[in-house]
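Chemist: Okay, here's the structure, questions in a sec.
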Amino acid sequence: MGIESIGIVGAGQMGNGIAHVCALAGYDVIMSDVSEDALSAATALIDKNLERQVSREKISQSDKDAAMGRIRTTLTLSEVGPTDLIIEAATERETVKQAIFEDLLPHLKPDTILTSNTSSISITRLASRTDRPEKFMGFHFMNPVPVMQLVELIRGIATDEPTFKACKSVVDALGKTAATAEDFPAFIVNRILMPMINEAVYTLYEGVGNVTSIDMAMKLGTNHPMGPLELADFIGLDTCLAIMNVLHDGLADTKYRPCPLLTKYVEAGWLGRKSQRGFYDYRGEGDPVPTR
């Protein structure tokens with residue numbers, strides 16, 4: 001089950017990062033999105049990030065040129081179907097992901113492997129909506145993809161061994177490290193990380209500390225490179241809330257109840273860096289300013 005071509009559905013923060021590392025590793029990549037603007041922005045960002053790697057002498061100019069030459073973009077899902085491996089990297093909403101896989105089905109090769117970059121949603125449930133649950137698994141990259149070493153590989157209940165080995169071989173080819181997780185809500189990383197972020201929001205909500213104090217305390221007190229509220233803004237508050245809801249619903253435990261303040265920020269459209277306002281306001285010229 002050799003993988004030579006990779007289709008990526010979604011050209012956002014995760015999708016363009018996945019396209020970047022896959023093309024650099026020598027795979028032919030086709031990246032799709034519903035927006036031409038998103039595809040153009042993703043291509044420009046990949047070019048910029050590859051150029052940064054050239055300037056830091058991590059790759060050569062010829063490596064960059066070859067990688068950019070391996071990336072195609074399309075607005076049509078049918079063009080993604082004939083690839084060997086498809087990585088869905090759309091928004092963290094199950095209905096959206098299900099619709100993508102259903103639209104892809106008529107265009108797939110018999111041996112195409114389907115995967116999702118979901119950070120929390122049941123792989124078994126997503127796979128059940130396809131015609132190949134044995135060739136379906138979770139392929140969860142960390143953000144930012146070109147920098148982060150880890151990839152979580154999650155088997156659904158029906159995932160077969162050849163599919164797992166094929167996906168593991170791609171992780172190895174990318175120069176990354178695979179951690180195998182069972183198909184439980186939020187898997188390993190977000191099962192641990194998101195409740196910590198949610199607790200930081202509760203700490204803010206209850207007035208225990210302000211944004212600056214909470215982030216400084218965790219950076220200097222536990223040697224975290226980013227404070228939890230700064231990290232939440234980087235991830236996207238809507239994504240954090242979606243994962244907490246999956247944990248709360250899937251495990252039926254009140255300790256995973258999303259903080260009301262997190263819900264309020266999302267309802268206000270304050271989603272973090274991508275909307276220029278979250279726990280910090282990024283709209284000014286200088287350093288981001290805490291919003292509470």
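Chemist: Subtracting the Cα-Cα distance from 0.36 nm times the residue separation, let me have the gained length for residue 96 to residue 62 in nm, one decimal.
Modeler: 8.5 nm
Chemist: What is the gain in length, in nm to one decimal, between residue 202 and residue 226 on full extension, counting 0.36 nm per residue of separation less the C-alpha to C-alpha distance?
Modeler: Between residue 202 and residue 226, full extension yields 6.9 nm more.
Chemist: A further question follows. How much length, in nm to one decimal, is gained on full extension between residue 263 and residue 188, taken as 0.36 nm per residue of separation minus their Cα-Cα distance?
Modeler: 24.7 nm
Chemist: Over the stretch 1-113, what percent of the accessible surface lies on carbon and sulfur atoms, probe 1.4 Å?
Modeler: 48
Chemist: Might you report the magnitude of the Cβ-based charge dipole of the stretch 212-282 about its Cα centre, with Lys and Arg at +1 and Asp and Glu at -1, to the nearest 20 debye?
Modeler: Its charge dipole is roughly 60 debye.
Chemist: How far is it, in nm, from the label point at residue 131 to the one at residue 254 when both lie 7 Å from their Cα along the line to the Cβ?
Modeler: 4.8
Chemist: So what is the calculated 222 nm ellipticity per residue for the chain, using -39500 (n - 2.57) for each DSSP H run with n of 4 or more, over all residues, to the nearest 500 deg cm²/dmol?
Modeler: Computed ellipticity for the chain at 222 nm equals -14000 deg cm²/dmol.
Chemist: Which Cα, out of 91, 71, 81, lies furthest along the positive dipole direction of the stretch 56-97 (beta carbon charges, K/R +1, D/E -1)?
Modeler: Of the options given, the answer is 71.
Chemist: Given labels modelled 7 Å from the Cα in the Cβ direction, how far is it in nm from residue 150 to residue 109?
Modeler: Placing both labels 7 Å beyond Cα along the Cβ direction yields 3.3 nm.
Chemist: I would also like to ask the following. How about residue 48: which lysines have a C-alpha closer than 23 Å to its C-alpha, ignoring those fewer than 8 places off in the same chain?
Modeler: Result set, ordered by chain and number: 58, 64, 176, 274.
Chemist: Might you tell me the accessible area per residue for the stretch 40-185, computed with a 1.4 Å probe and given in Å²?
Modeler: 45
Chemist: Given Cβ point charges of +1 (Lys, Arg) and -1 (Asp, Glu) and nothing else, what value in debye, to the nearest 20, does the dipole of the chain about its Cα centre take?
Modeler: 420
Chemist: Quick one: Cα convex hull volume of the chain, Å³ per residue?
Modeler: 135
Chemist: For the stretch 131-267, just the Cα atoms, rotate onto the principal axes and tell me the three extents in Å, largest first.
Modeler: In descending order, the Cα extents are 52, 33, 23 Å.
Chemist: Leaving ligands, DNA and RNA out of it, work out the accessible area of residue 56 with a 1.4 Å probe and give it in Å² to the nearest 10.
Modeler: Probe radius 1.4 Å; accessible area of residue 56 about 150 Å².
Chemist: I need to check one value: relative contact order of the stretch 1-40, counting alpha carbon pairs closer than 8 Å and at least 6 residues apart, in percent.
Modeler: 46
The values are calculated or read from the model by the stated rules, or taken from the named source; none is laboratory data. All of these numbers come straight from a predicted model, not from anything done at the bench. Methodologically, a virtual Cβ is constructed for each residue, glycine included, from the backbone with ideal geometry; neighbour enumeration extends over all protein chains shown. The protein model used for the area step is the full one, side chains on, heavy atoms only, and it has no ligands, DNA or RNA in it. Shrake-Rupley method; radii C 1.70, N 1.55, O 1.52, S 1.80 Å.
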